[in-house]
Amino acid sequence: MEDRWMQHRLWILPLLLSLAMVWGSQAISTPAPVPLSRPCHFFSGRTCEECLKNVTCLWCTTNNTCLDYPVRTVFPPSSLCAMSHARWGACWINFEALIIAMSVVLGVLLLSVTACCCYCCYCRKSASSRLRLEAEEENLLREREKRKQLSDERNNKRTIKHNEIRKKYGLLQDMDHPYSKFDDE
């Protein structure tokens, strides 16, 4: 049970850290929404911060305009505003850098989760194969010992049987002197 907890603990910690980073970054970078009473174009010509208080707005730095974010397309088209000049969510980072940063963070998260999963599977597989090899080796040793005992028993029985036959026919002699049968002649 402890091994299973240790394996799960290896990938839980990076997951919790990444979730904390994501939640923390959302808390820092997401501005408080302003009531939708005013449309985005109302904030054109003002500051970026005022425009981006409404999360449905997009700020374009080329002509200081506040535009409705095009929700039908994931990324704003370049005819609306170039990505390097578009701001959404935070005024200090352009949309292009935001996309790149989020892609890198997502890629690192996916790679770390994949690496953790692969590592856990490898550890589980190597541990189970190690246990299986130890069990097989133990079984082989037991089988070898059992075969040796059976062989010794058969040899003892055979020796006893041969000695009985030798005794029956008078061939059982003094084993201390193997040439004693030639002395009688």
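With protein chains left intact and a 1.4 Å probe, residues in region 34-176 average 77 Å² of accessible area per residue. With the whole protein complex present, residue 133 retains an accessible surface near 110 Å², based on a 1.4 Å probe. Modelled spin-label separation between residue 142 and residue 47, with each label point placed 7 Å from Cα along the Cα-to-Cβ direction: 7.9 nm.
Placing R0 at 45 angstrom, the Cβ-Cβ distance between residue 73 and residue 120 gives a FRET efficiency of 0.70 after rounding to 0.05.
Using a 1.4 angstrom probe on the protein heavy atoms only, line up 69, 119 by accessible area, largest first. Spell out each step's value before the answer.
Details: 69 45, 119 120 Å².
Order by accessible area, largest first: 119, 69.
For region 53-185, the alpha carbon positions stretch 134, 23, 23 Å along the principal axes, listed from largest to smallest. For the set 124, 166, the ranking by accessible area, highest first and with no ligand, DNA or RNA atoms included, is 124, 166 under a 1.4 Å probe.
Accessible area of residue 145 (1.4 Å probe, protein heavy atoms only, ligands and nucleic acids ignored): about 100 Å².
The values are calculated or read from the model by the stated rules, or taken from the named source; none is laboratory data. Computed from a prediction, not measured in an experiment: that's the story for all the values here. Positions of Cβ are backbone-derived with ideal geometry, glycine not excepted, and every protein chain shown enters the neighbour counts. For the accessible areas, the whole protein counts, side chains as well, though only heavy atoms, and no ligand, DNA or RNA atoms are used. Shrake-Rupley method; radii C 1.70, N 1.55, O 1.52, S 1.80 Å.
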